[in-house]
Amino acid sequence: MRRLVGFAVLLFVLAGISSGQATNAATAPSREDVLKFLEVLHLRSQFVQYFQGVSKQAKAGAEEGFKRKVPDATPDQLAEVDKLADGLFSDMPIDEMIDAMVPIYQKHLTKEDLDGILAFYSSPLGQKLQREQPAMMQEGMEAGGEIGRRRIGAAAQKMEEFINKLAEQEQQKTSKPKE
């Protein structure tokens, strides 16, 4: 989502659209204008794809974490972990999320801004971006997810070692005979 907003800002710069001024109620796009814009962006399907990717990453992370805790996990146990991970993101309130975005777009964009952006997305280059962006996002999520899992795994290991060391030090303090 941040990429989408960032991309919209980049479009303003490239198109010479001034978005630095505050949008007032007279120039703000209507709710219908914003919803049309979000529809042209295929935001609903992007949310679905995003949460599917997040779910896939959560599933992989959950399996990896479970296998660390239970090295000889059975297929049934792993299936239960998968079932839980699958359910975490299956019922995200996408309509509610889109509704929450409307006033944000109305606050930051004018009707003219929105019309310019829609013109871009109607162009051949905009259409190409629309076709390619889901695959680019999916590949980016996979790459980022792997990096994140490695980092989180290493951080968790470091934290566990630190906690074990502190616990050992505390145990040594309490096990020393009092003089």
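Summary of values
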read-out: Over segment 46-165, relative contact order from alpha-carbon pairs under 8 Å, at least 6 apart, %; value: 34
read-out: Formal net charge of residues neighbouring Lys83 (Cβ-Cβ distance under 13 Å; K, R +1; D, E -1); value: -4
read-out: Listed residue pairs exceeding 25 Å between alpha carbons, taken from Lys36/Lys128; Lys107/Lys128; Lys36/Lys56; Lys67/Lys173; value: Lys107/Lys128; Lys36/Lys56; Lys67/Lys173
read-out: Estimated dipole of segment 28-148 in Debye, rounded to 20 [Cβ of Lys and Arg +1, of Asp and Glu -1, Cα centre]; value: 180
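Every number here is computed from the coordinates shown, using simple stated rules; none is lab data. Since the model is a prediction, treat every value here as computed from it, not as a measurement. Note that each Cβ is placed from the backbone with ideal geometry, even for glycine, and that neighbours are counted across all protein chains shown.
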